[in-house]
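**Q** The structure's right below; bear with me while I get my questions together.
The values are calculated or read from the model by the stated rules, or taken from the named source; none is laboratory data. Since we're looking at a predicted model, the values are computed, not measured. Note that each Cβ is placed from the backbone with ideal geometry, even for glycine, and that neighbours are counted across all protein chains shown. When the accessible area is computed, the model is the full protein with side chains, heavy atoms only, and any ligands, DNA or RNA have been set aside. Shrake-Rupley method; radii C 1.70, N 1.55, O 1.52, S 1.80 Å.
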Amino acid sequence: MTKPAAPKRHLPTSPFKAPVAPPPKHFATGDQVTHDVYGLGRVVGVEDGIAALVDFGSAQMRILSPYAKMTKL
């Protein structure tokens, strides 16, 4: 198993634009969401910038930020 590659840093002398980081996702209690692994769910609790507690029907899961696999519907 190998380590994932570290992101390359942008040099100030580069003629190319620096990559723009996507804005962090924000979820509120009551938001309907979909998760790549768990499916459809509803946010039942939020810890700002840390995690979201989501009820997927069969289980409640604590999804950690940056919520890569979760999107708001």
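**Q** I need the phi-derived Karplus couplings for segment 53-68: 6.51 cos²θ - 1.76 cosθ + 1.60, θ = phi - 60°, integer Hz, Gly and Pro marked x.
**A** 8, 10, 8, 9, x, 7, 7, 9, 10, 9, 9, 7, 5, x, 6, 4
**Q** Using the heavy atoms of the protein chains alone and a 1.4 angstrom probe, what is the accessible area of the chain per residue in square angstrom?
**A** Each residue of the chain exposes 83 Å² on average to a 1.4 Å probe.
**Q** For the chain, set up a Gaussian network in which alpha carbons nearer than 10 Å are linked by springs, and say which option among Phe56, Phe16, Phe27 fluctuates the most.
**A** Phe16
**Q** Starting from the chain, pick out the trypsin sites (Lys or Arg not before Pro) whose DSSP state is loop and whose Cβ has at most 15 other Cβ atoms within 10 Å.
**A** Taking the chain and a limit of 15 other Cβ atoms within 10 Å, the loop trypsin sites (Lys or Arg not before Pro) found are Lys8, Arg9, Lys17, Lys25, Lys69.
**Q** If the convex hull of the alpha-carbon atoms of the chain is projected onto planes in all directions, what is the mean projected area in square nanometres?
**A** Its average projected convex-hull area is 7.3 nm².
**Q** Over the chain, how many pairs of lysines fall under 26 Å by alpha carbon, counting only those 8 or more apart in sequence or from different chains?
**A** Number of lysine pairs found: 7.
**Q** Work out the charge dipole of the chain with +1 on the Cβ of Lys and Arg and -1 on the Cβ of Asp and Glu about the Cα centre, then indicate which of Gly57, Val37, Pro23 is farthest towards its positive end.
**A** Selected residue: Pro23.
**Q** How high is the relative contact order of the chain, in percent, counting Cα pairs under 8 Å that sit 6 or more residues apart?
**A** Reported as a whole number, the value is 24 percent.
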